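Have a look at this one.
The values are calculated or read from the model by the stated rules, or taken from the named source; none is laboratory data. Note that the structure is predicted; figures quoted are calculated from it, not measured. Cβ placement follows ideal geometry from the backbone for every residue including glycine, while neighbour counts extend to all protein chains displayed. For accessibility, only protein heavy atoms count, side chains too; no ligands or nucleic acids. Shrake-Rupley method; radii C 1.70, N 1.55, O 1.52, S 1.80 Å.
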Amino acid sequence: MAIRILLVDDHTLFRSGIRLLLQRHPDIDVVGEAVDGLDGVKRALQLRPDVVLMDLNMPGLSGLEAMQLIVQDLPETAVLMLSVSEEADDLTTALHNGARGYLLKNIEADYLVQSIKRAAAGEPVISESMTAKLVMQLRAGAGSAAEPTDKLTARERATMVCIARGQSNKEIARSLEVAESTVKIHVQNLLKKLQLSSRVQIAVYAVEHGLDKSS
């Protein structure tokens, strides 16, 4: 089944270019477009897409505000921020508030397509050039007031480390020598115990607490 995409950007020419690019792929279906954040929320609730490609800065309701509303009402929908901003603050704010990923508008077409497919499969995606900024930002903000992680089992902690390294459930299962269904249970336990809402937030939490450096 094709991945259903909603495009949200206030620049008509940019939306048209992305639509033409994605239409070349039979496993991706652009089901709608929106001209601003408010229109994006309305269209998302109407169409219930698998993935929303959302511009960060738009007049009226911003992409960040629209993303939060969509994630709240449609938790199964992955929102990918697609922006020109290379500011670490924009990146971390988007991820903390529920974005499945953060992509720069200067990425290659193939990278965009692969990112959409990964996001639809539940994986976090971040432009490669922004990854180092994310790690530096989170480590700079980490302090002694970090939440305790003694509530996690050894397997859950190991799963968190793997998620922070960008591994899929299948790769985690191979690394930990467990069934993929077991990994899914560990992920759900992490979300519940740490009161998080996505794999991206698990990865962010791991970096903030230095768990991504665990062996």
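Tell me whether the stretch 129-140 contains one or more residues that are modelled with pLDDT of 90 or more, open to solvent by less than 10 Å² (accessible area, probe 1.4 Å) and in contact with a strand residue (DSSP E or B) (Cβ under 7 Å, 6 or more places away or on another chain).
Just the residues of the stretch 129-140 that are modelled with pLDDT of 90 or more, to begin with: none.
For the stretch 129-140, residues modelled with pLDDT of 90 or more, open to solvent by less than 10 Å² (accessible area, probe 1.4 Å) and in contact with a strand residue (DSSP E or B) (Cβ under 7 Å, 6 or more places away or on another chain): absent.
When you go through D110, D90 one by one, which is the residue that is loosely packed, with under 15 Cβ neighbours inside 10 Å and assigned to a helix (DSSP H, G or I)? Show your work before the answer.
Values: D90 fails: loosely packed, with under 15 Cβ neighbours inside 10 Å.
The unique qualifying residue is D110.
Further question on the same structure: Can you give me the number of residues within the stretch 4-48 that are in contact with a strand residue (DSSP E or B) (Cβ under 9 Å, 6 or more places away or on another chain), open to solvent by 80 Å² or more (accessible area, probe 1.4 Å) and within 14 Å of G63 (Cβ to Cβ)?
Of the residues in the stretch 4-48, 1 are in contact with a strand residue (DSSP E or B) (Cβ under 9 Å, 6 or more places away or on another chain), open to solvent by 80 Å² or more (accessible area, probe 1.4 Å) and within 14 Å of G63 (Cβ to Cβ).
I would also like to ask the following. Return the residues of the stretch 7-52 that are of a type in the set (A, V, I, L, M, F, W, C), under 18 Å from R118 (Cα atoms) and in contact with a Lys or Arg (Cβ under 6 Å, 6 or more places away or on another chain); say none if nothing qualifies. Don't jump to the end; show me each part of the working.
First, the residues of the stretch 7-52 that are of a type in the set (A, V, I, L, M, F, W, C): 7-8, 13-14, 18, 20-22, 28, 30-31, 34-35, 38, 41, 44-45, 47, 51-52.
Still in the list and also under 18 Å from R118 (Cα atoms): 7, 18, 21-22, 28, 30, 51-52.
Answer for the stretch 7-52, where residues must be of a type in the set (A, V, I, L, M, F, W, C), under 18 Å from R118 (Cα atoms) and in contact with a Lys or Arg (Cβ under 6 Å, 6 or more places away or on another chain): L7, V30.
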